[in-house]
Amino acid sequence: MGDRDLELLEFHKIREMLAGFTSFSASRDLALALVPLWNEEEVRLRLRQSAEARRLLSLSPDFHVGDVVDVREVVKLAARGKVLDPQTLLDIQKTLDAAHRLKKHLMNLSSELPLLSGLARDIVALEQLQKDIAGCLSPTGDLLDTASPKLATVRHRMREVRQELLTHLQAIITSPRGRKIIQEPIITEREGRYVIPVKVECRRQIKGIVHDVSNTEATVFIEPWTTIEVQNELRELVAAEKDETERILRTLSAEVGAFESEISRNIELLAEIDLALAKARYAREAKATEPIIVAAARSAGAEGHEPHGVLRLVDARHPLLKKKAVPLSVEIGRDFAILVITGPNTGGKTVALKTIGLLSLMAQAGLPIPAQAESRIPVFDGIYADIGDEQSIEQTLSTFSWHIGNIVHIINNATAKSLVLLDELGTNTDPGEGSALARAILLHFLSQGTMTVATTHYTELKALAYATEGMENAALDVDPVTMAPTYHLTVGIPGGSNALATASRLGLPAEIVTRARDMLSKGAQEIEASLTHLVTAQANVESLRHSLAKELKEAEQRNEELKEKLRQLEEDRRRIIKEARDRVVRDAAELQRKIREAATELRKEKSQQGIEQAKKALAEVQQQLSAEAWQVRVGAGTGEKEAEAGSIAPGDTVWLKDAGVSATVLSVSEERGLVEVQAGNVKMTLKPDSVEKRISSTGAAKRGGVLIKRRLSKPRVPLELDLRGKRAEEVEPMLDDYLNQASLCGLSQVRIIHGIGTGTVRQIVREALASHPLVASFRPGEQDEGGDGATIVNM
């Protein structure tokens with residue numbers, strides 16, 4: 001394909017639109033020079049770069065490449081020895097700084113943006129050159145005094161000499177004699193020398209050099225003789241400053257020229273990155289996305305996969321029409337390769353044709369397209385168009401010969417991997433011959449396997465598309481009532497030209513339209529009526545489809561809402577159960593504390609009063625245990641299974657894994673991760689993973705349960721427990737758990753190491769041992785057993 005095809009499809013306008021989103025001239029040039037690519041991998045790469053740029057803008061909506069200037073030409077001149085001016089050097093410094101910051105930013109996102117960070121990785125950081133320029137120039141482009149020691153010295157002396165000179169001249173002006181001879185009390189410059197304005201009639205009263213005379217010849221500008229030496233020194237200093245400035249600029253320019261290739265390459269990389277960002281900015285504005293790219297050759301794919309070469313556009317919009325565009329959905333290349341579009345004049349046939357061609361060009365140029373993400377576009381080896389209207393070609397060229405010349409060019413160049421777009425095929429000549437030519441041309445492209453889209457008004461082409469395998473009709477719909485175009489494309493049925501209805505709608509007198517309708521053959525009128533009926537039926541089907549789709553969506557939404565309500569109910573149920581269980585555990589812990597306190601009081605005080613108080617406390621506990629909250633609730637049927645078989649609650653029957661016996665759960669402490677159970681007369685506190693909930697059945701209850709015998713491997717339990725360094729609240733739970741394990745392992749005697757210290761841990765241990773059901777007796781340790789820092793327990 002050539003520039004003519006790009007021009008006919010208005011691709012140049014897309015390039016101009018894209019250029020408007022670039023940040024500097026080099027990337028703008030890339031946008032204006034953008035062309036479709038014919039290599040599939042290269043197209044995929046460009047589209048992935050665009051997708052990454054969209055991702056970058058989603059993370060940082062205002063991100064841009066920075067203050068970049070295309071300095072490639074001036075850098076080339078610097079390499080050839082040209083001395084660059086300060087502003088140009090400042091542009092180079094800003095560009096290098098922007099490149100450095102861009103590289104750093106993208107490298108930090110390398111995992112998310114591998115392609116853009118790959119481009120940034122090749123940017124050469126010229127930090128020393130940046131520092132050298134920044135150290136010599138101010139942000140406004142002025143040469144700094146610190147640019148060199150000599151420059152600093154010269155400028156310092158210049159300021160001193162200038163101040164000395166101005167002070168001397170000011171003294172002359174303000175002196176009594178000076179006030180008489182000067183025209184105005186000012187100091188000015190002429191030819192780079194400081195002078196004072198003297199009245200022409202007083203010129204002889206002051207010795208000096210006359211540098212200028214006013215226009216009125218009433219004033220002469222004189223350099224007093226007494227300032228000549230100082231002024232000469234100042235001129236010398238000015239010359240020295242100029243020489244040093246040129247030397248510094250020459251040095252910086254030479255340094256820039258030494259890095260010509262690196263700087264030029266950095267500009268190229270910045271332009272590529274900015275072009276990708278421009279695509280992303282266009283996509284954000286146009287709501288565009290990258291299509292799926294497929295191979296152009298049509299061949300059957302693997303089972304369950306789509307064949308290659310399928311072009312599918314979903315809700316595609318013409319990019320130049322923006323908000324006025326009506327979405328178009330079409331698929332070509334699966335069941336047919338030739339699509340014949342018919343419909344009324346001004347109905348949108350040419351726009352549909354251009355949309356298909358222009359979006360294909362955009363995709364192959366690596367641009368996102370205004371369509372849904374599931375759109376698929378093959379990589380064609382050429383996209384050829386014959387579109388002739390007043391918007392695209394000169395009126396003098398809109399002739400049959402011009403169209404045939406285009407078609408000859410297309411036939412000579414198109415292959416099975418090409419896309420051909422033909423607008424109003426076979427027009428501008430005798431209708432019979434034009435129709436025959438149009439059919440022959442379409443059959444040629446069909447035999448060649450070339451994907452082709454053609455628009456026409458010829459009834460013979462509609463019939464050919466209907467009767468020929470590999471070809472299909474499509475219609476630009478009209479409103480069946482008003483006969484106005486809807487610009488909606490329907491594949492599978494032909495469209496009517498509706499020339500009479502269009503003429504009437506555009507204002508042709510009714511009597512002319514009626515006479516023309518009477519002149520139509522009966523067959524033509526029947527075909528037109530059938531097409532109108534078909535369009536009406538199609539509209540009804542489409543309306544029904546939309547209605548069903550809406551009802552399905554509403555049903556799915558209600559289903560999701562019900563699922564959400566069920567989930568909330570389940571969460572509430574679990575929360576209520578947990579709260580109730582936690583409350584029961586807290587109450588049980590409080591009751592257990594009261595029992596321990598009562599037992600302790602009985603051991604401490606053998607008096608009648610102490611016994612009475614303990615009995616009273618035990619009676620209160622017993623009363624609480626008899627309350628309704630502590631009664632076991634039996635289900636509707638004996639042995640009814642819990643809703644949550646895996647949870648353990650007070651009153652449950654559990655199996656002690658290590659002991660091989662059943663027990664009843666007394667309390668569950670989720671905070672401490674412990675379960676208190678009773679097996680016979682023995683109470684013990686265990687970890688939840690050492691018990692297993694048993695769900696009884698009615699039959700088992702009647703038989704008294706089933707005894708399961710198995711060989712148990714006893715866990716290893718040490719012969720002593722070291723509680724030194726433990727906090728007071730940790731001692732009793734650890735001691736209770738240890739004694740339970742020791743009992744289960746059949747240990748007859750154990751040693752509890754508590755140390756001496758303040759005696760607090762020892763007191764807690766011995767008070768707990770005194771009331772523990774698994775302890776037969778205990779005593780302080782002998783000298784070789786740890787003395788009073790240990791307690792020997794007989795189980």
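The values are calculated or read from the model by the stated rules, or taken from the named source; none is laboratory data. These figures come from a predicted structure and were not determined experimentally. Ideal geometry is used to build each Cβ from the backbone, glycine not excepted, and the neighbour counts take in all protein chains shown. Just the protein is used for accessible areas: all its heavy atoms, side chains included, with ligands, DNA and RNA removed. Shrake-Rupley method; radii C 1.70, N 1.55, O 1.52, S 1.80 Å.
Some values worked out for this structure:
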quantity: Simple Cβ-charge dipole of segment 117-232, Lys/Arg +1 and Asp/Glu -1, about Cα centre, in debye nearest 20; calculated: 540 debye
quantity: Residue 29 accessible area, assembled protein chains, probe 1.4 Å, Å²; calculated: 90 Å²
quantity: In segment 754-795, the GluC sites (Glu not before Pro) that fall in loop regions by DSSP, at most 15 other Cβ within 10 Å; calculated: 782
quantity: For q = 0.11, 0.12, 0.15 Å⁻¹, Debye-computed log10 I/I(0) when each Cα of segment 710-795 counts as one equal scatterer; calculated: -0.28, -0.33, -0.51
quantity: Fraction of accessible area attributable to carbon and sulfur, segment 154-225 (%, probe 1.4 Å); calculated: 51 percent
quantity: Residue 243 - accessible surface, heavy atoms, 1.4 Å probe, Å² rounded to 10; calculated: 100 Å²
quantity: Electrostatic dipole magnitude of segment 27-115 [Cβ: Lys, Arg +1; Asp, Glu -1; Cα centre; debye, to 20]; calculated: 140 debye
quantity: Solvent-accessible area per residue, Å², over segment 108-216 with all protein chains present [probe radius 1.4 Å]; calculated: 59 Å²
quantity: Theoretical gain in end-to-end length, residue 782 to residue 580 [0.36 nm per residue, Cα-Cα removed]; calculated: 67.8 nm
quantity: Computed label-point distance, nm, for sites residue 717 and residue 190 using a 7 Å Cα→Cβ extension; calculated: 11.9 nm
quantity: Radius of gyration and Dmax over the Cα atoms of segment 62-116, both given in Å; calculated: 14.3, 43
quantity: Rounded D (µm²/s) - segment 161-262, Kirkwood Rh over Cα pairs, Stokes-Einstein at 20 °C, 1.002 mPa s; calculated: 136 µm²/s
quantity: Neighbour cut-off at most 11 other Cβ (10 Å), DSSP loop, trypsin sites (Lys or Arg not before Pro), segment 1-105; calculated: 80
quantity: log₁₀ of I(q)/I(0) at q = 0.09 Å⁻¹ - segment 96-247, Debye sum with one point per alpha carbon; calculated: -0.51
quantity: Stretch gain in nm, segment residue 153-residue 320, where the contour uses 0.36 nm per residue and the Cα spacing is subtracted; calculated: 53.8 nm
quantity: Protein-only accessible surface order, largest first, of 156, 457 at 1.4 Å; calculated: 156, 457
quantity: Ordering of 109-122, 253-266 by burial proxy (mean other Cβ atoms within 10 Å per residue, highest first); calculated: 253-266, 109-122
quantity: Largest-first ordering by accessible area, 1.4 Å probe, given options 464, 169; calculated: 464, 169
quantity: Per residue solvent-accessible surface (Å²) - segment 32-74, probe of 1.4 Å; calculated: 53 Å²
quantity: Loop GluC sites (Glu not before Pro), segment 126-210 (other Cβ atoms within 10 Å of the site Cβ: 12 or fewer; DSSP); calculated: 191
quantity: Relative counts (whole %) of C-alpha pair distances in segment 1-111, using bins that are 5 Å wide; calculated: 2, 9, 13, 17, 18, 15, 12, 9, 5, 0
quantity: Residue-level accessible surface for residue 326, protein heavy atoms, 1.4 Å, Å²; calculated: 60 Å²
